[in-house]
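Peer 1: Before I ask anything, let me first share the structure, which is written out below as structure tokens.
The values are calculated or read from the model by the stated rules, or taken from the named source; none is laboratory data. Quick caveat, the model's predicted, so the values are computed rather than measured. Cβ coordinates were reconstructed from backbone atoms using ideal geometry, including for glycine residues, and neighbour counts include every protein chain displayed. The area values use the complete protein model at the heavy-atom level, side chains included, leaving out ligands, DNA and RNA. Shrake-Rupley method; radii C 1.70, N 1.55, O 1.52, S 1.80 Å.
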Amino acid sequence: MSEGPFSHVLITRPESEGRDLAARLAPLLDSAGTAVLLQPAHQFCPVQLDATTKAELEALLGPGSTAAGMAATIIFSSPRSVEFGLSQISRELLRAASLAAMGPATARALESAGNRVATVAPNPHNSEAMMAVLSQRMEGAPGAGASAIIVTAGNGRQALTQWLQERGCQVLKLLVYERRPLQPQQRIIIDLAGARRVLSLWTSADAMNAMSRVLPPAAWFRICRGSWLVTSPRLQRLARAFGPSSVHLSTGPSNDEIASSVRALFLKQDG
């Protein structure tokens, strides 16, 4: 039995991506009389590499360094890792490694800066997808002695780090930016607390955890009473722990794929 149309759609993507997604959804939401709530879960701030990390990077990729098995690889985890990290790695070190991108948007950011990308994680453009493509490259080539540099934020990409280490790779994480939770706008809090049925869109576990902490109980309760759309099976499993009425899986993590999945959900509601 249908629960009726969604009264609100909550977008938790970062500011620029969130505005782009809201614009893509505007015709659909306007025609359905559904309000869009744009509330980024985080803001992102650059972090400068310290002298110790720069020395470790030089030791892995600089003159005289060696990498057995898989060639030395620098893995950029997101377009933001390119934005905040690329300028902190010299051209010489970039040329000494094979570059890998966590999805096409990250690859485009690297290529627009004049870099050749050797590996792109396929859909859903996450750590598991990167493991799969790297595993193919490593077939018949031992990981022992190889090096991998992961350009990321905070404690990100733990699963990928562990996977590489278990295969004998020497892993260095370059933490080039950090996520800082954003306090929700008062208007968003009021709208959520009075919402009849919310569809919330999630692209990271960090966003789920951050929003659960900063939103007042009444607003968070409305989100958990509604439906969630997530962008990977891993997020789908994590989302269920918050107890939403239903959890739907997007066809992929890009705004095009998220928007297409939202349209499919609205058609299902109409049906």
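Peer 1: Only loop residues by DSSP count here, and only those with at most 14 other Cβ atoms within 10 Å; note down the trypsin sites (Lys or Arg not before Pro) in region 70-132 that meet that.
Peer 2: Answer in residue order: Arg116.
Peer 1: Kindly report the accessible area of the chain per residue (heavy atoms of protein chains, probe 1.4 Å, no ligands, DNA or RNA), in Å². Mind showing how you got there, number by number?
Peer 2: Working: 12630 Å² over 271 residues.
With the other protein chains kept in place, the chain gives 47 Å² per residue.
Peer 1: As a test of the formula, what do you get for the chain when each DSSP H run with n ≥ 4 contributes -39,500 (n - 2.57) and the sum is divided by the residue count, at 222 nm and rounded to the nearest 500 deg cm²/dmol?
Peer 2: Calculated mean residue ellipticity at 222 nm is -13500 deg cm²/dmol.
Peer 1: Could you compute the net charge surrounding Ala118? Neighbours are other residues with a C-beta less than 14 Å from the C-beta of Ala118; K and R count +1, D and E count -1. Walk me through the numbers on the way to the answer.
Peer 2: Numbers: positive: Arg95, Arg116, Arg137; negative: Glu111.
Net of charged neighbours comes to +2.
Peer 1: Treating the angle as unsigned and between 0 and 90°, give the value, to the nearest 10°, between the Cα long axis of helix 255-270 and the longest Cα principal axis of the chain.
Peer 2: Taking the Cα atoms of the chain, the angle to 255-270 is about 30 degrees.
Peer 1: What list of ³J(HN,Hα) values in whole Hz, one per residue of region 166-183 in order, does the Karplus curve 6.51 cos²θ - 1.76 cosθ + 1.60 (θ = phi - 60°) give from phi, with Gly and Pro shown as x?
Peer 2: 5, 9, x, 7, 8, 10, 10, 9, 9, 8, 9, 7, 9, 8, 10, x, 9, 6
Peer 1: Turning to a different aspect of this structure: What share of all Cα pairs of region 124-237, in percent, falls into each consecutive 5 Å distance bin?
Peer 2: 2, 10, 16, 17, 14, 12, 10, 8, 6, 4, 2, 0
Peer 1: Counting other C-beta atoms within 10 Å, and keeping those with at most 13, which DSSP coil GluC sites (Glu not before Pro) do you find in region 2-53?
Peer 2: On the way: sites: Glu3, Glu15, Glu17; in loops: Glu3.
Sites meeting the loop and neighbour criteria: Glu3.
Peer 1: Let me ask something else about it. When the expected Rg is taken as 2.2 N^0.38 Å, what fraction or multiple of it is the alpha-carbon Rg of the chain?
Peer 2: 1.11
Peer 1: Can you send over the carbon and sulfur percentage of the accessible area for region 175-271, probe radius 1.4 Å, protein chains only?
Peer 2: 52 percent
Peer 1: Where does helix 205-214 land angle-wise versus the long Cα axis of the chain, in degrees 0 to 90, nearest 10?
Peer 2: Helix 205-214 sits roughly 50 degrees off the main axis of the chain.
Peer 1: What is the angle, in °, between the Cα long axis of helix 15-32 and the longest principal axis of the Cα atoms in the chain? Nearest 10 is fine, range 0 to 90.
Peer 2: Relative to the chain, helix 15-32 is tipped by roughly 30 degrees.
Peer 1: Next question, about the same structure. Would you compute the Debye intensity of region 5-85 from its alpha-carbon atoms alone, equal scatterers and no solvent, and pass along log10 I(q)/I(0) at q = 0.22 Å⁻¹ to two decimals?
Peer 2: The Debye formula, applied to the Cα set alone, gives -1.06.
Peer 1: Rank Ile150, Ile189 by accessible area, highest first, at a 1.4 Å probe radius?
Peer 2: Per-residue accessible area, sorted high to low, gives Ile189, Ile150.
Peer 1: To continue, here is another question. Can you send over the solvent-accessible area of Arg237, 1.4 Å probe, protein chains only, in Å² to the nearest 10?
Peer 2: My reading of the accessible area for Arg237 is about 150 Å².
Peer 1: Where both residues lie in the chain, what percent of DSSP beta bridges are antiparallel, nearest 5?
Peer 2: Working: 5 of 38 bridges.
Expressed as a percentage, antiparallel bridges in the chain total about 15.
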